[in-house]
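Engineer: Take a look at the following structure, please.
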Amino acid sequence: MLYLASAHKASSSLESVAINSHANGTANIAVKHMQTKINSKGTHIQIIGMAATGFGSDLIAQTYDIPINGRIRGIAAIGDATDNRLLFVTAKAAWAIIDVSMALLPNSDSNVNTIVKTIAHGSLALRTAAPSTSFDTPLCTIFNTQTLTTTAVSHIFQGFLSVIVIAATSAKPPLTLSIRIKELDILHFAFLQTPLQHPIIAILHETVNGLRFIVTYQLHAAIAELTTPNASIKFGWSEPIEVSASTQRISSLPDGGLLAFDANRIALFSKTGTLVFETEADALFTGVSAFIPSTVKDVLVSDFFGGLYALNIENGKLDKIGNTSQAATLTFLDPSTLYLGSHSGDSYIIQFPSLDPRAQPFTIVETFLNIAPIIDFTFIEPTVAAAAGQGRVIACCGTERDGSLRVLTNGVGVTELFEMPDIEGIRGIWAGHGANGWDELLVLSFVGETKILLFDERGTCAEVDDDYDWDFAVSEETLIFGNVAFDQFLQVTAKRMMLFGRDDKKLRHEWISSNESRIVLCTFNSSQIIAAVGGNLIVYFEVEDREIIVKGQIETENQVSCLDIPQRGVLSKDSSRADYFAAGMWTDSIIKIFSISTLSQIKSEQVSSNYQLLRSVKFARLAETSYLLVGLGDGQLVTFTIGSSIDGSVVLANRKKLTIGTQPLNLELFKTAGKNYVFSASDMPAVLYASNNNEKLLCSNLNLKGVSTICQFRLPSNPDTLAIATSESLKIGSLENIQKLHVQTIPLGETPRRIIHRSDNTLGVLTSLINFEGGKDEETNFLRVFDDTTFDCLDFFKFKEMEVVQSICSLNLPASASEMVDGPSLQQLLIIGTGLVPFGMSEEPTQGRVCAFEFDRNTKKLELVTAFETKGCVFAVSQLKDGLIVIAVRSKIQVLKLSFDQESNTYDFASVCAGAGFNQALYLSVQENFITVGDLMKSATVFEFIDGNETTSAKLVECAKDYLPAWTTCVHAVKESSLIVVGEAGNNLYTLKRQSEDMMLEDEKRRLELVGVFHLGESVNVIKNGSLAMSNGQEQQSPMRSSSMLFCTVDGQFGTIINLEAEKFKILSSLQSNLERHLIPVGNLDYAEWRAFTSDKRKQEAVGYIDGDFVQQFAALSELEMSVVFDGVKNGGVKVDAESIESVLSLLEEMAL
């Protein structure tokens, strides 16, 4: 029973189209128009809205993700340039038309509201037809200006073209039909750009003898027929055009012509099929291209190494204009702006400074992170002493020139500008800005005193002492400090409240309580002050020039524990004064809201049922939603949205609770990159922010321990700087990108294939480098050793020509051998599995090696110490125990022992035992003495290694196997469990369980029971033990987290798999079922159908898995919707088997990364 959720959604950009949607721009935006780029990411659609003020102006990019219950086969824009509609088709032959509208929100310069509405939907499925062998064929559309209809064609089933004819308005339902076609192996197709009522489609296909041709047909939708074009229409051709055997894609041109892309040649055919020219280049073309609208005579083309070229379609001249990631899709948003989507590297928005792309270098104006394809990763365990106690993932990402290592961590990092060590006991910290707008004062509060630091425009710091003729109260502990109206500073201590001139720092006015009661708490904005005096007396002040005026007071039954008054713009963008404030009480755990005009209570809310102390309260406006946040003494945060009823009274709604730390929370507002955030200081500091679509409040942990308080501190060189007080020091720095998962990139410029982390703080990385020269590509493979912190390459080894690296592991020497060698650097070796693949050979390699390497950390030298020849490629290698490894070679697995000869000072491998019976053993997962083997097409088998003794030899014994065939992509034996998770080639996951030893029948013991199936929609490459969840600093993790797993996919998804207890699985399973009944999916695509295990052999309803991304949507619902889902009142649901909605939310928070 497994819980599966993504930490990083698929980021590979597979297809993109541009549509236009109208937006209500503000007065300072001249062009009230939004350019929208739609991007297919496999199982979700990403919408990127580009707001611009005119040609060549700055762009504002806003992204919005639309989850789709299906793997997207193709997307296409519908209609003319003014149409907002989008068509998509899924791998399971479902289709839908959606309307996408993006608009700038009122009173906002950059925040965008996205509305997605399903217009029509249906299915193109054919029960008796076989699926198409190619998933790469496009979804092509053509708009007919005569009939105002859009014709879309997809090739989903062998021998058929699936056609959808869409009218200009949504009133007329689309026409769907399937048309037979004699070409079975279709590689690519495109509509010729013609004015004809019946469009012409060009098809690239391959015959049974390997020849490739381009044919054209005229499509008659009314009679569901394809006909050979007549010469009289002057478009298309009646006889097939033979092209080279390596032609992979075709692309149409505005004049009706066609481009055909070979590996290193581009051919242009006229609208009637005449060869116009053929251009050859020293490049490997991808076939991805885009017509350049600004020149009318050029086409942008790309190659496999990230090169971009401008092809002149008049004379065939090809000019290279720059390098980027390898392009998977190219879409012009306007004549000078291009979206380049990549599968193997980051995606970009590119601007050309002139209409001719050859004239000047282009500029990358926006980068979209892409970590696909994730080929392998290693998890580095956290240590108790580590910052925030969290692990790291280092992944092998990208291919060729885009290849890189990506470091994945949960939370937000701090980029330190400087640190002041040995400053302990800071109780409060505030900034004060001068006339120039940047902060020049940093006020630190300690027990019984205050220290003030002065910063100049260069960031140089000096402590204010008696030489400064200033009047600040430095001999008292400051409760609060900051800028207020009329160019003044406010300082509040327990004894008094003081105003100072901003420029001369001289005292202008002070207020002291008449009964000499101490000021306990204080909060203020630029013109209003709220103070708790003597514990239960709340006094309201207003700030005037050189005066603090008491406006009223109110006495509360209980003592006040926390106070806050909204800052300007928090409750609405234009508000300059607050109408109310909030106060928390010590004894009753109630948050109260008071009207400032009447100083009367207008709202109260019980925050904690178990009377946890309220330690901090904060009004915040995140994205376009106003929140009231309450921090509790046990590290929990309770959030409410704030609104107004018809009569103007305050409404607190959408109560949520999440656990941030274990100690009291101190909440502070700050702003970075123009967006509002809330900092929660505690034992596990965190940043709160709104999601991109403003549907959910998110929390990212800070990779720093023990933060007591922070404040915004704007320097001239960096307006987003923060001052951070920890238990031991004061840090000045800025936060890295605030997101759930932080990604650091280490470019390699070659394909990383496998990675392992070693105990000496190094990484062993296998890479391959392809050089393309003279029409041939040559591959060279390396083992590289990196420092795991600096990522400096310490040394490398180059393998033999045509030797391809396939697998890697670390091997510890047995204790007896370790005692014979000198130095700890020889206690752990790197083991590499290779295969010898001669150039052009298509059959399985018949030779390979197992290579053992020694790396000396002191000398930074890598040395090959021994190698073991194999009769096939070594696809997998894993340590079995000290001195023993197991390898997967062709149809068997083999145990090898590495020994050390002291006399000759050499190492040597010896075969110990083997196990056979596989079609092709590809994957290994070792738990103690048990070896799980993933076969190419025979699912999983479990062997037990039984060590030898004086009388018997060591052997491998088959314990259990899965008798159902499956094309596997990975296997993983779950830690401390009898479960095995298997990745299947149809983008599925399934779970097997080893039977109990108490099973009576021997045959039943030997059968792996199928206990779970799930359609992920993406191909899983690797599953390994690990968790990116923040540690609470304890030595022992919870059992759930200690057995958790991480997985990665080809499309760039990175996620977590958790083995659930039966009770938690039952709760989440009923929640998932109720949500399925409640939520209306985009395109009305059935959720159960989407998650059903589907392969070419069988189909089965999903079972044994919780879709974490799906159930987490519960936390974003309104209170009313939560109640409906929890009670299961919609469409025959069943009440969730949990104590309360709050307990379900707590469980979801526990499951979140």
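Engineer: Could you give the alpha-carbon Rg of the stretch 1011-1153 over 2.2 N^0.38 Å, rounded to two decimals?
Structural biologist: 1.11
Engineer: Taking the mean number of other Cβ atoms within 10 Å as a proxy for protection, how do you rank 622-629, 145-152 from highest to lowest?
Structural biologist: Descending mean neighbour count gives 622-629, 145-152.
Engineer: Using the alpha-carbon centroid of each, what span in Å lies between the stretch 678-724 and the stretch 276-290?
Structural biologist: 49
Engineer: With a 1.4 Å probe and all protein chains left in place, how much of the accessible area of the chain comes from carbon and sulfur atoms, in whole percent?
Structural biologist: That fraction is 48 percent.
Engineer: Can you give the Rg and Dmax of the stretch 452-517 based on its C-alpha atoms, in angstrom?
Structural biologist: So, for the stretch 452-517, Rg and Dmax equal 13.0, 46 Å respectively.
Engineer: Let me ask another. Would you calculate, for the chain, the mean residue ellipticity at 222 nm contributed by helices, counting each DSSP H stretch of 4 or more residues as -39,500 (n - 2.57) and dividing by all residues, to the nearest 500?
Structural biologist: -1500 deg cm²/dmol
Engineer: Another question, if that's okay. How much accessible surface does W586 have with a 1.4 Å probe, in Å² rounded to 10?
Structural biologist: Spelled out: W586, probe radius 1.4 Å, area about 90 Å².
Engineer: First select every other residue whose beta carbon is under 13 angstrom from the beta carbon of E440; then total the charges, Lys and Arg +1, Asp and Glu -1.
Structural biologist: Combined, the nearby Lys, Arg, Asp and Glu give 0.
Engineer: Which residues' amide hydrogens lie under 5 Å from the amide hydrogen of I181, considering only partners 5 or more residues apart or on another chain, with H built in the peptide plane?
Structural biologist: Result for I181 returns F160, L161.
Engineer: Just list whichever of K451/K731; K881/K975; K800/K892; K618/K671; K892/K961; K675/K731 have alpha carbons separated by over 18 Å in the model shown.
Structural biologist: Cα-Cα > 18 Å for K800/K892; K675/K731; rest within.
Engineer: Filter the GluC sites (Glu not before Pro) in the stretch 845-891 to those in DSSP coil with at most 16 other Cβ atoms within 10 Å of their Cβ, and list the result.
Structural biologist: Counting only loop positions with at most 16 other Cβ atoms within 10 Å, none of the GluC sites (Glu not before Pro) in the stretch 845-891 qualifies.
Engineer: Let me ask something else about it. Let me spell out the model: positive unit charges on the Cβ of Lys and Arg, negative unit charges on the Cβ of Asp and Glu, origin at the Cα centre of the chain. What dipole size does that give, in debye rounded to 20?
Structural biologist: 3060
Engineer: In vacuo Debye scattering of the stretch 282-397, one point per C-alpha: log10 I(q)/I(0) at q = 0.14, 0.18, 0.23 Å⁻¹?
Structural biologist: Here log10 of I(q) over I(0) equals -0.62, -0.87, -1.29.
Engineer: Just to confirm, what accessible area per residue do you get for the chain at 1.4 Å probe, in whole Å²?
Structural biologist: 41
Engineer: Another question about this same structure. Identify, among Y990, M498, S238, the residue whose Cα sits farthest towards the positive end of the charge dipole of the chain, taking +1 on the Cβ of Lys and Arg and -1 on the Cβ of Asp and Glu, with the dipole about the Cα centre.
Structural biologist: Going by the charge dipole, the pick is S238.
Engineer: Please give every one of the aspartates and glutamates within straight-line cross-link reach of K1130, meaning a C-alpha to C-alpha distance under 17 Å, and leave out same-chain neighbours fewer than 8 residues apart.
Structural biologist: E1076, D1086, E1119, E1121
Engineer: Under unit Cβ charges (Lys, Arg +1; Asp, Glu -1), what dipole magnitude, rounded to 20 debye, does the stretch 420-558 have relative to its Cα centre?
Structural biologist: Charge dipole of the stretch 420-558: 460 debye, to the nearest 20.
Engineer: Under 8 Å for C-alpha pairs, at least 6 residues apart: give me the relative contact order for the chain, rounded to a whole percent.
Structural biologist: Details: 3193 pairs, mean separation 100.4, N = 1153.
Reported as a whole number, the value is 9 percent.
The values are calculated or read from the model by the stated rules, or taken from the named source; none is laboratory data. For clarity, every value in this text was computed on a predicted model and none was experimentally measured. Here Cβ is always computed from backbone atoms with ideal geometry, including for glycine, and neighbour counts include all displayed protein chains. The accessibility values were calculated without ligands, DNA or RNA, using every heavy atom of the protein model including side chains. Shrake-Rupley method; radii C 1.70, N 1.55, O 1.52, S 1.80 Å.
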